[in-house]
Amino acid sequence: MDLNVALLHEDMWDKQGDKVTTSLTLIDMHDIARSATTYGVKQFFVVHPSPAMRKLAHTLRGHWEEGFGATYNPNRKEAFEILHIAQSLDEAVMKIEMRTGMPPVLVATSAKEGDNRISFADFRKQLRFSTTPYLLLLGTGWGIGEELLSKAEFFLEPIKGSGGYNHLSVRSACAIMLDRLLAKK
Ligand code: SAM
């Protein structure tokens, strides 16, 4: 199994339906790194085009890897070991290809229903029996823009709750997806 995760910020929808680059939310880094480590994700990429935002990400990571955080909470340090900070999705793809010798299959995610979605069950099976690397694309803001979505080979079905309300944070959505895809049964 070779599943990777990318948290994306460029080419996102905002509330008005415009395309934006969203700000980095530091708790996203923490939480998704911990979920990803818990479920055996190979690499977790925080992708941001802004040098200032990437510097912020490096500072946070540094605190938990070498700073006070490393001794205060070694578990957090371990979770950051799979974290990579990248400027673009292409950079994340290249890093996975360098590690595995193959470009990853991109898998888009969204809360929205739509055509040609792959089910959690089918993707879980595919992951289990495949050596191909996959890269799960997580959005921010009001979701991933269509240009980025069009790059994906698969589109994972949305997580559905029990009623009409469906506004999970990306951190919560990621944890649920990883559990459905990778948890030991
Ligand atoms: N309405 C947006 C959408 O449809 O993607 C929700 C944006 S949410 C704040 C940010 C990201 O969390 C989404 O781009 C997606 O990666 C993930 N996400 C949130 N809710 C989800 C759901 N119900 N199913 C799958 N992914 C979800």
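In region 65-83, the residues that are without any contact (Cβ under 8 Å) to a residue 40 or more places away in the chain form Cβ pairs under 6 Å with partners that are among the acidic types (Asp, Glu), at six or more places apart or across chains, as follows: LYS77/GLU65.
Open to solvent by 60 Å² or more (accessible area, probe 1.4 Å), within 18 Å of the chain's Cα centre (by Cα) and aliphatic (A, V, I, L, M): which single residue out of MET102, MET94 fits that description? So that I can check it myself, show each step before the final result.
Working: MET102 fails: within 18 Å of the chain's Cα centre (by Cα).
That would be MET94, the only listed residue that is open to solvent by 60 Å² or more (accessible area, probe 1.4 Å), within 18 Å of the chain's Cα centre (by Cα) and aliphatic (A, V, I, L, M).
Of everything in region 105-129 that is closer than 17 Å to LEU3 by Cα and in contact (Cβ under 8 Å) with a residue 60 or more places away in the chain, the residue that is surrounded by the most Cβ atoms within 10 Å (Cβ to Cβ) is THR109.
Tallying residues that are open to solvent by 50 Å² or more (accessible area, probe 1.4 Å) and among the aliphatic types (A, V, I, L, M) within region 46-91 yields 2. Note on region 130-185: among residues that are more than 27 Å from THR21 (Cα to Cα) and without any contact (Cβ under 8 Å) to a residue 40 or more places away in the chain, the one that is surrounded by the fewest Cβ atoms within 10 Å (Cβ to Cβ) is LYS185.
The values are calculated or read from the model by the stated rules, or taken from the named source; none is laboratory data. Quick caveat: nothing in here was measured; it's all calculated off a predicted structure. Glycine gets a Cβ as well: all are built from the backbone with ideal geometry, and neighbour counts include every protein chain shown. Accessible surface areas use protein heavy atoms only, side chains included; no ligands, DNA or RNA. Shrake-Rupley method; radii C 1.70, N 1.55, O 1.52, S 1.80 Å.
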